[in-house]
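What follows is a set of notes on a single structure, which appears directly below.
Rule-based calculations on the coordinates, nothing more; no lab input. Everything numeric in this text was worked out from a predicted model, so none of it was measured. We place every Cβ from the backbone using ideal geometry, glycine too, and count neighbours over all the protein chains shown.
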Amino acid sequence: MKGKPSSLGSATQILIVDDHPIIREGLTHLLNLHEDLHVCCAAGCAEEALAVMACQPDMAIVDLSLHSNSGLDLVKTLRQHYPKLAILVLSMHDETLFAERALRAGANGYLMKLEAMEHVMNAIREVLAE
């Protein structure tokens, strides 16, 4: 497997931000199956995401639809305060309408939730490789 060495300390640390607990828990489980990835924290809204940044993630996977405010606003805030953070937007919204907005806001990539997990993993790897 490509990527960082397999010890937890050297694994890529990931923050998941999604307002649906099943998505957060499912992604956490699936990503943690990869030795070079570790979900260090998860949040259901922008405020929680900013509060858990102390876990010092290398990457954030952010949904656009959050209960308390826009995922686009969170992407802008994360990019402003954490310029080296890799950001992948994973959303149900049609990429033809929202991908360009997400990239302009500071995301490194955009993927729709209807994609297979293999495509999600490829997108994560591509964003991390930038």
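Report the extension gain between Leu103 and His81 in nm, rounded to one decimal, defined as 0.36 nm multiplied by the number of residues separating them, less their alpha carbon distance.
Between Leu103 and His81, full extension yields an extra 6.3 nm.
Among 59-65, 101-107, 123-129, how do they line up from the highest to the lowest mean number of other beta-carbon atoms within 10 Å? Provide the component values of the computation, followed by the final result.
Details: 59-65: 22.3, 101-107: 19.1, 123-129: 17.1.
Averaged packing, sorted descending, gives the order 59-65, 101-107, 123-129.
Which part of region 100-130 falls in the paramagnetic zone of Ser10, meaning amide N under 20 Å from the point 7 Å along Cα-to-beta-carbon?
Zone members listed by number: 125-126, 128-130.
Which of Leu33, Leu111, Leu74 moves most in a GNM of the chain, Cα contacts under 10 Å?
Leu33
Under the rule that a partner needs its Cβ under 4.7 Å from the first Cβ, which Cys of the chain have none?
Cys45
What is the helix-to-structure angle for 21-32, meaning the angle in degrees between its Cα long axis and the longest Cα principal axis of the chain, kept from 0 to 90 and rounded to the nearest 10?
30
I'd like the Karplus ³J(HN,Hα) series for region 111-128: coefficients 6.51, -1.76, 1.60, θ = phi - 60°, whole numbers in Hz, and an x wherever there's a Gly or Pro.
Ordered by residue, 3J(HN,Hα) equals 9, 7, 5, 6, 6, 5, 4, 4, 5, 4, 4, 4, 5, 4, 5, 5, 5, 5 Hz.
For Glu115 and Gln56, calculate 0.36 nm times their separation in residues minus their Cα-Cα distance, and state this gained length in nm to one decimal.
Numbers: separation 59, 0.36 × 59 = 21.24 nm, distance 2.75 nm.
Answer, rounded to one decimal: 18.5 nm.
Please report, in whole Å, how far the alpha carbons of the chain spread along each principal axis, starting with the longest.
36, 30, 28
Return one number: the angle in degrees, 0 to 90 and rounded to the nearest 10, between the long axis of the Cα atoms of helix 95-105 and the longest principal axis of the Cα atoms of the chain.
So the helix axis and the longest Cα principal axis differ by about 80 degrees.
Against the longest alpha carbon principal axis of the chain, how many degrees, from 0 to 90 and to the nearest 10, is the axis of helix 71-81 turned?
Helix 71-81 sits roughly 60 degrees off the main axis of the chain.
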